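Each remark here refers to the structure printed beneath this line.
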Amino acid sequence: MDTTTFHMLKSWAFEFLSSFVGHSGRGAAVQSAAAVVASYVVVARLYDAFFGPLSDVPGPLIHKLLDLPVTLPSERGSAWKYVASVHERYGPVVRIGRNVISVADKEMLKQILVKEDLPKSKLYKQGQRMTGRQTLFNTIELDFHKQRRRILSPAFSISYLNSLEPYIFQATESLVRKLRAEISVGTNERAVVDIWNLLQRLALDIIGETAFGRTFGMIENGSHPLPQKITESMRRRALIGQFPFLGLIPALTRQDPLFQKFVTNIIEDRVKSGIHRSDILQILIDAQYSKESDDRLDVKDIISETVLFLYAIPLTTRAPVSFVALSESLMSIEISPPLLHPSIAGSETTSNSTGFAIIYLLRHPDKLQTLIRELDTQLDIPVGDLLPSHDSLKHLPYLNAVINETMRLRPVSAMGLPREPAKDVMLGHYFVPRKTLVIANMRGVQINPDYWPNPTEFMPERFLEGAVPGPAMDAFYPFSAGSRNCIGKNFAWMEMRLILATLFKYFEFDLIPSEMPKADDLAQFVTLTIRANEFNVGVRVRKEAWEKVHGF
C-alpha cells in the first residue's frame, strides 16, 4: 500500500459515510459512522505499520500496531527482559511500540547520548507533578539543566566529596557494629542477615548524613517516617504514570507536607545555627544567596532538588504491579513503568549495585579470594581507624574491576534511558522522526557478544590493565554519557568502594542455597533489583584481619 492508495482509502471511507447517511435512518447511520471511523483507524494503523517512517525498523508485527506487549510485562517489572528477548531475535535496533524504538548499538548510543545529545523524553515531565517545579532530574529543557547542574556540580566534585567521607564513615561504621552485634548472638560465631535490606538501610543513612545533615537511623532502628512518606509519594507517582488522567486529582500530585516540613526545618535549623557543614544541603542553602540572581534557589527549589536523592528509595514491602492489585487497592501499585525512571541519584542505585557485587563474588569464590588478597596485601588501615580511606581504595585495580563488571552485567536501568528527538534525525541508516521515543538500551550494548567476549559471564579480569581482549569502553555506559550523565558518579564510586572493601576486609560471607533463586529473579520498577527485595547470607568476623587492625 503506497501513499496514493492510502489516501484513496480515506476518501472512499468518507464518501461511503456521506452516501450511507443520506439513504439510511439515524440509527443505521450512527452504526455505519462508527464502523467507518473504526475502519479509518485500522487503515491508518496499517499504513503506519508497513509504510510509515519506522516501518523498516525490525521487530514483532504486533509492536507495529500496539504498545500493549511491552506495557503488560512492565506491570511485573519484566519489560526489560521482554525487550532483551526482542533484541536477541531481531538485532540491535528494534521497534517495541508504534512510536518507540530500542537501540543497543554502541555507535548509535554514542550518537543518541553524546553527538546528538537527544533531549530527555517528555515522560520525565511527569515527575514535575510531584515536585511542582523543574529539577535537575525531571527537566527536559537544556538551558535549565545546564544552569541547575552548574549550581549543583560543586556538591559532587572530587574535592567536595572528600569532605563528605567522614559522614559516609559514620553510617558505614554503624553497619559494622550491627553485623558484629548479630554475630555475637548467633550460633557458632555466625549470623544470618538480610544483606540486601541492610545495604538499602545503609544507603539511606548515607543520604541522610550527606544530603540532610542527619542520619535516618535506618541501620539501628530499621525505619524512619520520611522514607515511608517518600514511598507513598512514589506510589502516587506510579498511579499517574499508569493512568495519566489521575494527574488531574490534586490529592495525588500534592507533595506530602511531612517532607516539606522536614526539609524546611533542617534548612531553618542550619541557617539559625550559623554552622557551615560541608555537605550537599549546604551547597543548596548557599545557592539561596548566590550573587547571580539566575542561580538563586528558594526553599521550594531546595525541597524539590532533595527529592532527587530520595525518590529512588527501596520500598519496605514489595508487591507486583497488577490490575488485580489495583482493583484491591490503588496504593498497591509499586513503581511506575520502567521507561519513566532511568538512573537517578537515589539510595537504591548504589545499594543495589553493591548487593549485586556481593552476590556475584559469593557465586565465584575464586574472584572473591582475589579481591580479599588485594585487600589484605595492598590495603593499609592505620591502627585505631575502623575504615579504610577512600584514597587508599580508589587505585585498587581488582576492587574497581569488580565494581565495573557488576555495573556492566547489572546496570541501574536494564530497560534503558528514554530520549526524544526534537527534530528528525538519522540513527545509523534509520530515519527517526521527531517525537519518537528512543530508548538508549545500555544493557543491550553491555552484554552484546560483538563487543564483549563471554558477555554474560562475571569476569572482572576483563577490566584489568593489560587484559586481552581489553574492555570495550565505548560499549560501557554505567553512568550514561553526554550532558545528562549521572551527576552522582563520583559519589557512587566512593560509596561502593568503601562498603565493599569494609565488608570483605572484616567479614566472611557464605551463600545460603535456598536463597539463590532470588538472585536470578530480577525486576525493574525504578532500578534493576531483586524482586524479593531480600537476600540472606551467612556472616562471620574475619578475626585475623580484625585483630590485625584493631588489636582485639
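The values are calculated or read from the model by the stated rules, or taken from the named source; none is laboratory data. It should be emphasised that the depicted structure is a prediction, and the values quoted were computed from it without experimental measurement. Please note: Cβ atoms are built from the backbone with ideal geometry, for glycine as well, and neighbour counts cover all protein chains shown.
Please determine whether any residue of the stretch 408-417 is closer than 21 Å to residue 529 by Cβ and in a helix (DSSP H, G or I). Scanning the stretch 408-417 turns up at least one residue that is closer than 21 Å to residue 529 by Cβ and in a helix (DSSP H, G or I).
Please indicate, with yes or no, whether at least one residue in the stretch 448-468 is small (Gly, Ala, Ser), surrounded by fewer than 21 Cβ atoms within 10 Å (Cβ to Cβ) and on the phi > 0 side of the Ramachandran plot. Yes: one or more hits. Here residue 525 passes the criteria (1) within 21 Å of the chain's Cα centre (by Cα); (2) aromatic (Phe, Trp, Tyr); (3) under 30 Å from residue 180 (Cα atoms) except the one numbered (3).
Against the test of being touching a Lys or Arg at 6+ places or on another chain (Cβ under 7 Å), at pLDDT 80 or above and at positive phi, the options 274, 213, 217, 208 yield a single qualifying residue, 213.
Do we have any residue at all in the stretch 189-198 that's out of contact with any Asp or Glu (no Cβ under 8 Å at 6 or more places or on another chain), on the phi > 0 side of the Ramachandran plot, in a loop (DSSP other than H, G, I, E, B) and at pLDDT 85 or above? Scanning the stretch 189-198, I find at least one residue that is out of contact with any Asp or Glu (no Cβ under 8 Å at 6 or more places or on another chain), on the phi > 0 side of the Ramachandran plot, in a loop (DSSP other than H, G, I, E, B) and at pLDDT 85 or above, so the answer is yes. List the pairs whose first member sits in the stretch 84-101 and is in the same structural domain as residue 524 (by the TED database), whose second member is of a type in the set (Phe, Trp, Tyr), and whose Cβ atoms are under 6 Å apart, counting only residues at least 6 apart or on separate chains? From the stretch 84-101, no pairs qualify.
Entry remark, the stretch 469-492: residues being under 24 Å from residue 388 (Cα atoms) and surrounded by fewer than 22 Cβ atoms within 10 Å (Cβ to Cβ) number 2 in total. Evaluated against (1) surrounded by 15 or more Cβ atoms within 10 Å (Cβ to Cβ); (2) small (Gly, Ala, Ser); (3) touching a residue at least 40 places away in the same chain (Cβ under 8 Å); (4) over 30 Å from residue 250 (Cα atoms), residue 186 falls short on exactly one condition, (3). Residues of the stretch 405-415 include none that is β-branched (Val, Ile, Thr) and more than 18 Å from the chain's Cα centre (by Cα).
Contact annotation: residue pairs with Cβ atoms under 8 Å, 6 or more positions apart or on different chains, pairing a residue in the stretch 402-418 that is assigned by the TED database to the domain that holds residue 449 and within 20 Å of residue 85 (Cβ to Cβ) with a partner that is charged (D, E, K, R) and buried (at least 24 other Cβ atoms within 10 Å of the Cβ), are 411/443; 413/443; 414/443; 415/443; 416/443. Among the residues of the stretch 367-383, are any under 26 Å from residue 82 (Cβ atoms), surrounded by 21 or more Cβ atoms within 10 Å (Cβ to Cβ) and in contact (Cβ under 8 Å) with a residue 40 or more places away in the chain? No, the stretch 367-383 contains no residue that is under 26 Å from residue 82 (Cβ atoms), surrounded by 21 or more Cβ atoms within 10 Å (Cβ to Cβ) and in contact (Cβ under 8 Å) with a residue 40 or more places away in the chain. In this structure, does residue 426 turn out to be without any contact (Cβ under 8 Å) to a residue 12 or more places away in the chain and not charged (D, E, K, R)? In short, yes. With (1) at pLDDT below 50; (2) more than 25 Å from residue 168 (Cβ to Cβ) as the list, and residue 294 as the residue in question, which single condition is left unmet? Going through (1) at pLDDT below 50; (2) more than 25 Å from residue 168 (Cβ to Cβ) one by one, residue 294 breaks only (1). In the stretch 147-169, the residues that are touching a residue at least 40 places away in the same chain (Cβ under 8 Å) reach residues that are in a helix (DSSP H, G or I) and acidic (Asp, Glu) with C-beta atoms within less than 6 angstrom, at least six apart or across chains, in these pairs: 151/295; 167/209.
In the stretch 500-517, the residues that are of a type in the set (Gly, Ala, Ser) reach residues that are in a helix (DSSP H, G or I) with C-beta atoms within less than 7 angstrom, at least six apart or across chains, in these pairs: 501/375; 501/399. Restricting the stretch 337-380 to residues that are in a helix (DSSP H, G or I) and acidic (Asp, Glu) leaves a set whose member that is modelled with the lowest pLDDT is 348. Scan the stretch 476-489 and tell me whether some residue there is under 16 Å from residue 399 (Cβ atoms) and of a type outside the set (D, E, K, R). Yes, the stretch 476-489 contains a residue that is under 16 Å from residue 399 (Cβ atoms) and of a type outside the set (D, E, K, R).
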